[in-house]
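Reading through the structure tokens given below for one structure.
Every number here is computed from the coordinates shown, using simple stated rules; none is lab data. The shown structure was predicted, so the numbers you read here are calculated from the model rather than taken from an experiment. Heads up, the Cβs are rebuilt from the backbone with ideal geometry, glycines too, and the neighbour counts pull from every protein chain shown.
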Amino acid sequence: MQEIADPILLRALVGDVRARGGTIGLVPTLGALHAGHLALANAARTENSLVVMSIFVNPTQFGAGEDFNRYPRNLPRDRSLAAEAGVDVLFVPSAETMYPDGPAGQLVWVDPGALAVHGEGAARPSHFRAVATVVAKLFHLVQPDRAYFGQKDGQQAAIVRQMVRDLLLPVEIRVIPTVREHDGLALSSRNVYLSPAERAAAPVLARALGVARAAVAAGEREAETLRRLVRETVDDEPPVDLEYAEVFDLAGLAPVTGTLPAESMVALAARVGGTRLIDNLVIRLQNGEPSFD
Ligand code: AMP
């Protein structure tokens, strides 16, 4: 595995692979790798000749008072995990590469519009604008054929898909199912913040989605009932403080009022002590029959 910080070197290498008819898969991450990231790398490995994983803790996507400074960083560990997963190139751009005039000097942004109004967008103003912008930069630098995102960050994946469509970016977006611990807790770099007691309480997020899923499997179709079931389940676990429970129409990411559309996503965010966790469940209805991601 090569480690590259210089975008000019990266472009030369990618150009070489493409000239020989190869394809390039990109896995963008913030580092602090876990099995969720590695599932993305594995998928990229099976589908491309060159796998590039980027590690960049993007300052602009963290809000004031969020965990940018204490976000877990461990490049030596990430290096060996990425190499084991078959990553060919670890792209570790500097902040100066990504923000030539500094984050405050960046004047042009990718605006995800209505897709960023609800859910995580409401809780974290300007987060998705920063994510869409940094992903667009990575796409320009790496020029991948395919890019890999996790369903864990469902709203992010939907926004990236729409960005690629609206901006005519020649990248295929692949969304990989959420990788979970044995008790259902979605893997997250932020799980390391949890105390043992918080870790024991945290699976209630996945459990609440399981309750919603069981209700849909049993015939429930009212979004408001699903929101209530998720709320009630999380409220039964006092150390976990629900921030929101929402049901989105996957087409447009507006909250669903009334019955479920063809594709929807039940999403929630909660605070477990000082740690903010998110999770979601995708519901697809075909001829009235549900399936889930
Ligand atoms: P992050 O480093 O947290 O920005 O995550 C990088 C990519 O890995 C994003 O596309 C995430 O959605 C994805 N990811 C994070 N956690 C998981 C997980 N538990 N399962 C699948 N993908 C994940």
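Okay, here's what the table says:
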{"item": "Wholly within the stretch 236-293, strands (runs of 3 or more DSSP E) carrying at least 1 residues that are among the hydroxyl-bearing types (Ser, Thr, Tyr) and crowded, with 21+ Cβ neighbours inside 10 Å", "result": "263-272"}
{"item": "Top-ranked residue of the stretch 171-205 - restricted to ones that are surrounded by fewer than 21 Cβ atoms within 10 Å (Cβ to Cβ) and among the small types (Gly, Ala, Ser), ranked as nearest to LEU281 (Cα to Cα)", "result": "GLY184"}
{"item": "Set GLY25, GLY36: member being closer than 16 Å to PHE91 by Cβ and in contact with a Lys or Arg (Cβ under 9 Å, 6 or more places away or on another chain)", "result": "GLY25"}
{"item": "Residue match in the stretch 123-144 (condition: under 23 Å from ASP6 (Cβ atoms), away from the ligand (no atom under 16 Å from the Cβ) and touching a Ser or Thr at 6+ places or on another chain (Cβ under 6 Å))", "result": "no"}
{"item": "Top-ranked residue of the stretch 20-38 - restricted to ones that are over 13 Å from the mean Cα position of the chain (by Cα) and in a helix (DSSP H, G or I), ranked as nearest to the ligand (Cβ to nearest atom)", "result": "ALA35"}
{"item": "Which listed residue, of LEU168, LEU209, is more than 13 Å from the ligand (Cβ to nearest atom), not hydroxyl-bearing (Ser, Thr, Tyr) and not in a helix (DSSP H, G or I)", "result": "LEU168"}
{"item": "Where ALA223 falls short, out of the listed (1) more than 12 Å from the ligand (Cβ to nearest atom); (2) within 18 Å of the chain's Cα centre (by Cα)", "result": "(2)"}
{"item": "All positions within the stretch 42-71 that are crowded, with 20+ Cβ neighbours inside 10 Å and touching an Asp or Glu at 6+ places or on another chain (Cβ under 9 Å)", "result": "ASN48, LEU50, VAL51, VAL52, MET53, ILE55"}
{"item": "Search result, residues across the stretch 51-61 that are part of a helix (DSSP H, G or I), more than 9 Å from the ligand (Cβ to nearest atom) and touching a residue at least 60 places away in the same chain (Cβ under 8 Å)", "result": "THR60"}
{"item": "When residues of the stretch 39-50 are limited to those that are more than 15 Å from the ligand (Cβ to nearest atom) and in contact (Cβ under 8 Å) with a residue 60 or more places away in the chain, the one farthest from ASP279 (Cα to Cα)", "result": "ASN48"}
{"item": "Counted residues, the stretch 105-122 - those being of a type in the set (Gly, Ala, Ser) and in contact with a Ser or Thr (Cβ under 9 Å, 6 or more places away or on another chain)", "result": "1"}
{"item": "Residue list for the stretch 84-115, restricted to those being β-branched (Val, Ile, Thr) and closer than 24 Å to MET53 by Cα", "result": "VAL87, VAL89, VAL92, THR97, VAL110"}
